Amino acid sequence: TRVLYPSLKGGELADKVAETNVRQVMREILSQCPAILEKVRSGKAQLMGAIYDTDTGAVRWLGP
């Protein structure tokens, strides 16, 4: 992630790394679980990414 965002440092870089990781895991879930992928494609389910801020307790939803 550092190569993709060379201007980010410290907390900003950590936030981007966390977001990138969540999005990658979402892609892996969809690629490795056909049942979930089918439910998402048919509109019966959504896969939502989120990041929990341990300092504030806030959840930042990344969306589908």
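The values are calculated or read from the model by the stated rules, or taken from the named source; none is laboratory data. Because the structure is predicted, anything quoted here is derived from the model rather than measured. Neighbour counts are summed over all protein chains in view; Cβ atoms, including those assigned to glycine, are modelled from backbone coordinates with ideal geometry. Ligands, DNA and RNA are excluded from the accessible area calculation, which covers all protein heavy atoms including side chains. Shrake-Rupley method; radii C 1.70, N 1.55, O 1.52, S 1.80 Å.
In table form, for the structure just shown:
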| read-out | value |
| --- | --- |
| Residues (among the β-branched types (Val, Ile, Thr) and either farther than 19 Å from residue 63 by Cβ or touching a Ser or Thr at 6+ places or on another chain (Cβ under 9 Å) (or both)) located in region 1-51 | 1, 3, 17, 20 |
| Within region 34-44, tally of residues that are surrounded by 14 or more Cβ atoms within 10 Å (Cβ to Cβ) and among the basic types (Lys, Arg) | 1 |
| Among residues of region 1-13, those that are outside any loop (DSSP other than H, G, I, E, B) and open to solvent by less than 60 Å² (accessible area, probe 1.4 Å), counted | 3 |
| Verdict on residue 47 being open to solvent by less than 60 Å² (accessible area, probe 1.4 Å) and either of a type in the set (Val, Ile, Thr) or in a helix (DSSP H, G or I) (or both) | no |
| Residue check for residue 56: hydroxyl-bearing (Ser, Thr, Tyr), within 10 Å of the chain's Cα centre (by Cα) and modelled with pLDDT of 85 or more | no |
| So residue 36, is it more than 18 Å from residue 4 (Cβ to Cβ) and of a type in the set (Val, Ile, Thr) | yes |
